[in-house]
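Each value in this text was obtained by applying a stated rule to the coordinates, not by laboratory testing. Here the structure is a predicted model, which means the values were calculated and not measured. Methodologically, a virtual Cβ is constructed for each residue, glycine included, from the backbone with ideal geometry; neighbour enumeration extends over all protein chains shown.
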Amino acid sequence: MASGKQILLSSLIESSQKFQKEGETESVSEELKAGLLLHGSTASFMWKMVEKLGWINQRIVIDEEVGDIEKQGLGLAKQNVLLSVIFEKITDNEHLLETVKSDYPAIEKEDLEAAIHIIWLLLKSLEWSKNTESVEDNGKLDLKEKEHLINSYKRKLNDYREDPEDYS
C-alpha cells in the first residue's frame, strides 16, 4: 500500500519538473491537496489549510536587464504567492535566532543560517522555473548521470572535509 508521503512526493516530483499549462494547474492543485491530506492529516483543521493552497503561476520581475522569471509551485492560491517567497519573508527576522535559541541554546547563528538555507532549497526544489526547464527535461532523469554526479560530489565533499579552504 502506498503511503501518503510517497503519494505526495510523487506528485510533487511530477509537478515541479515540467510546466503545467493553465488548464492543468487546477488538476495539479487537487492532486497535491489530496497528497497533503494523505500525508499530513485528515483532521478538520487540515482541510481548511489545504484549501488555501494551489499550484500557482508567478511571474517575478527582477529588473529590465535580467527580465522576468516565470515560476510555478505550491503557494497561497488566492494571494498568488509561492510558499518559498513566504518562507523568505518569515526568515527575514532579526529576532529569529534568539527565538530558536530559547528552545535550542546550543544553536549558533551559522547553524540556523544553514538550516534556513536548506529548507529554502527544499522548497525551491518543489517549484518549476523557466530558468531550469531545459536541464530538468520534463522530469526525465538519466540514472547513470545521476550516479556519476552523486559520486563526484561525494568525493568533493570528502575533499572539503579534508581541506575546507581548497577543495575544488
* Asked: Only one of (1) surrounded by 11 or more Cβ atoms within 10 Å (Cβ to Cβ); (2) in a strand (DSSP E or B) fails for residue 62. Which number is that?
  -> (1)
* Asked: Hey, any hits in segment 32-41 for a residue that's of a type outside the set (Ser, Thr, Tyr) and surrounded by fewer than 13 Cβ atoms within 10 Å (Cβ to Cβ)?
  -> no
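Every residue in segment 109-168 that is among the small types (Gly, Ala, Ser) and exposed (fewer than 10 other Cβ atoms within 10 Å of the Cβ), please. Give the derivation first.
Residues of segment 109-168 among the small types (Gly, Ala, Ser): 114-115, 125, 129, 134, 139, 152, 168.
Of everything in segment 109-168, those that are among the small types (Gly, Ala, Ser) and exposed (fewer than 10 other Cβ atoms within 10 Å of the Cβ) turn out to be 134, 168.
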* Structure fact -> residue 23 fails exactly one of (1) surrounded by fewer than 15 Cβ atoms within 10 Å (Cβ to Cβ); (2) part of a strand (DSSP E or B); (3) of a type outside the set (Phe, Trp, Tyr), namely (2)
* Asked: Considering only segment 70-108, how many residues are in contact with a helix residue (DSSP H, G or I) (Cβ under 7 Å, 6 or more places away or on another chain) and either exposed (fewer than 10 other Cβ atoms within 10 Å of the Cβ) or among the aromatic types (Phe, Trp, Tyr) (or both)?
  -> 1
* Asked: Considering segment 76-107 alone, what residues qualify as being closer than 20 Å to residue 50 by Cα, in a helix (DSSP H, G or I) and among the aliphatic types (A, V, I, L, M)?
  -> 83, 85, 86, 90
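Considering only residues that are without any contact (Cβ under 8 Å) to a residue 12 or more places away in the chain and hydrophobic (A, V, I, L, M, F, W, C), look in segment 108-124 and name the one that is farthest from residue 50 (Cα to Cα).
Of everything passing the filter in segment 108-124, 114 is farthest from residue 50 (Cα to Cα).
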* Is it the case that segment 2-18 has a residue that's in contact (Cβ under 8 Å) with a residue 12 or more places away in the chain, loosely packed, with under 14 Cβ neighbours inside 10 Å and touching a His at 6+ places or on another chain (Cβ under 9 Å)? -> yes
* Within segment 33-51, track down each residue that is within 24 Å of residue 17 (Cβ to Cβ) and either assigned to a loop (DSSP other than H, G, I, E, B) or in contact with a strand residue (DSSP E or B) (Cβ under 9 Å, 6 or more places away or on another chain) (or both). => 33, 36, 40
* **Among residues of segment 118-151, those that are within 29 Å of residue 58 (Cβ to Cβ), polar (S, T, N, Q), assigned to a helix (DSSP H, G or I) and more than 9 Å from the chain's Cα centre (by Cα), counted** => 4
* Structure fact -> Among residues of segment 34-86 being without any contact (Cβ under 8 Å) to a residue 60 or more places away in the chain and of a type in the set (Asp, Glu), the residue nearest to residue 2 (Cα to Cα) is 51
